[in-house]
1. Would you confirm whether any residue within segment 49-64 is modelled with pLDDT of 95 or more, among the charged types (D, E, K, R) and closer than 20 Å to Leu146 by Cα?
2. Select from segment 31-67 the residues that are among the small types (Gly, Ala, Ser) and within 18 Å of Gly86 (Cα to Cα) and write down the one among them that is surrounded by the most Cβ atoms within 10 Å (Cβ to Cβ).
3. Conditions first: (1) open to solvent by 40 Å² or more (accessible area, probe 1.4 Å); (2) part of a loop (DSSP other than H, G, I, E, B); (3) touching a Ser or Thr at 6+ places or on another chain (Cβ under 7 Å). Arg70 passes all but one, so which condition is the exception?
4. Please specify each residue of segment 23-48 satisfying the condition of being in a strand (DSSP E or B) and under 18 Å from Asp75 (Cβ atoms).
5. Could you please give the count of residues in segment 122-139 that are over 11 Å from Leu65 (Cα atoms), open to solvent by 30 Å² or more (accessible area, probe 1.4 Å) and either among the aliphatic types (A, V, I, L, M) or without any contact (Cβ under 8 Å) to a residue 24 or more places away in the chain (or both)?
Amino acid sequence: MPSHYDPNKHHRRSIRLKGCDYTTAGAYFITLCTHQRECLFATIEDGQVQLSLFGQVVQSCWLRLPQHFRSVELDAFVVMPNHVHGIIWLGGMDCRGEAFVSRFTTMSKGINTNASPLPRDGTQPGSIGAIVQNFKSVSTRRINQLRKTAGTPVWHYFPAPA
């Protein structure tokens, strides 16, 4: 665990749904922040986002996700100075029908029929967690190669849910 995280000081809770299977087909809204909110990816000039070299790396890594995960299709995505927002479709955008609708209608009634126990041996392959881990790892490696800072954090660290 990174030395900057102290569970006695940092009381962040996961916003993930307990027991939810994050390999289920549908749309997932992702927000990822830089380490210590550093404005690493872009500047704002005349109201427009101007990507830095590191922001271009992040954008390139994101756009390549479907090449590495065949169940992934990308929707809206934006790189901001110290964070990114994106929507990932698991199972492709053709999952906008039944899987997507039933997931949210059942959850609004307090029932999550798509939830299933998660494996206890780490991140499940093909899950949103695995995709995000891959994206963060690849983009961090490339950024640190460019700035010659091996091992330096790029992304904010959120501890795994208990």
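The values are calculated or read from the model by the stated rules, or taken from the named source; none is laboratory data. In this text, all values refer to a predicted model and were calculated from it rather than measured experimentally. When we count neighbours, we look across all protein chains shown, and the Cβ atoms used for this are built from the backbone with ideal geometry, even at glycine. Ligands, DNA and RNA are stripped out before the accessible areas are found, and what is left, the full protein with its side chains, is counted by its heavy atoms. Shrake-Rupley method; radii C 1.70, N 1.55, O 1.52, S 1.80 Å.
1. yes
2. Ala42
3. All conditions pass for Arg70, except number (3).
4. Gly26, Ala27, Tyr28, Phe29, Ile30, Thr31, Leu32
5. Of the residues in segment 122-139, 5 are over 11 Å from Leu65 (Cα atoms), open to solvent by 30 Å² or more (accessible area, probe 1.4 Å) and either among the aliphatic types (A, V, I, L, M) or without any contact (Cβ under 8 Å) to a residue 24 or more places away in the chain (or both).
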